[in-house]
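Notes for the one structure printed next.
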Amino acid sequence: MCLEIARSSRTEDARPIRIVVIECEPVLLQRLAVLREEISDFELVGAATTPVDGIAIASALRPDVVLVDNLLPDCDGIQLCDQLQSQLPAASIIILSVDTSDEVILRAVESGACGLITKTAPDHAVVDAILRAGEGEFLLPRSVTLRLFRKERDLRRAEVNPSRSDR
């Protein structure tokens, strides 16, 4: 049922969302391959297991969405997000992580990700995240959204009235 809800927001003539996955474990790739057979809204166009290969593949294929493991060899996904954003400013980046704390999500967004999804998320949640990211949406829990707005508000207040920044 959730898969049908996620699919209903896209028109039949919309081109599939192109995805590159940068993930050191094959489990997500296998899940996406199975889901791809059931859902025509996305297309897995490339995959890599290292940050260097991920940047090269994503740069060459220009996907709409990049799913990035936060625990890659030699680099965490959030650090890689900065590099991907500089080379693929139009792509939406989703961090895959076991840690979904507000702090990690906030770091991911500050590095250019549109959000974060847990690696153990059910299939319908993964599909929904891909479709929403492909449409340019942010994938943020309310608590993180509030923290981001408060942080921005406090920065603006500090610019206007530097003495208030000590409070």
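Based on what the data block shows, is ASP99 among the charged types (D, E, K, R), outside any strand (DSSP E or B) and either out of contact with any Gly (no Cβ under 8 Å at 6 or more places or on another chain) or under 15 Å from GLY134 (Cα atoms) (or both)? In short, yes. Considering each residue of the range 139-164, count those that are surrounded by 14 or more Cβ atoms within 10 Å (Cβ to Cβ) and either in contact (Cβ under 8 Å) with a residue 40 or more places away in the chain or closer than 25 Å to GLN30 by Cα (or both), and give that number. Summing the residues that are surrounded by 14 or more Cβ atoms within 10 Å (Cβ to Cβ) and either in contact (Cβ under 8 Å) with a residue 40 or more places away in the chain or closer than 25 Å to GLN30 by Cα (or both) in the range 139-164 gives 4.
What helices (runs of 4 or more DSSP H), lying completely within the range 1-89, carry at least 3 residues that are surrounded by 15 or more Cβ atoms within 10 Å (Cβ to Cβ), touching a strand residue (DSSP E or B) at 6+ places or on another chain (Cβ under 8 Å) and modelled with pLDDT under 90? Before you say what the answer is, go through the steps one by one.
On the way: elements: 2-8, 27-38, 51-61, 77-87.
Result: 27-38.
For the range 31-49, a residue qualifies if it is more than 18 Å from the chain's Cα centre (by Cα) and within 19 Å of GLY77 (Cβ to Cβ), but none of them does. Restricting attention to the range 119-144, the residues that are closer than 21 Å to ALA91 by Cα and part of a helix (DSSP H, G or I) add up to 10. In summary, VAL109 fulfils each of the numbered conditions (1) assigned to a helix (DSSP H, G or I); (2) surrounded by fewer than 18 Cβ atoms within 10 Å (Cβ to Cβ) with the single exception of condition (2). Annotation: LEU116 fulfils all but one of (1) in a helix (DSSP H, G or I); (2) free of Cβ contacts under 8 Å to residues at least 60 places away in the same chain; the unmet one is (1).
A single entry from THR120, THR100 fulfils the requirement of being among the hydroxyl-bearing types (Ser, Thr, Tyr), modelled with pLDDT under 90 and surrounded by 14 or more Cβ atoms within 10 Å (Cβ to Cβ): THR100.
The values are calculated or read from the model by the stated rules, or taken from the named source; none is laboratory data. None of the values given here were measured: they were computed from a predicted structure. Counting neighbours? That spans all protein chains shown, and the Cβs are built from the backbone with ideal geometry, glycine included.
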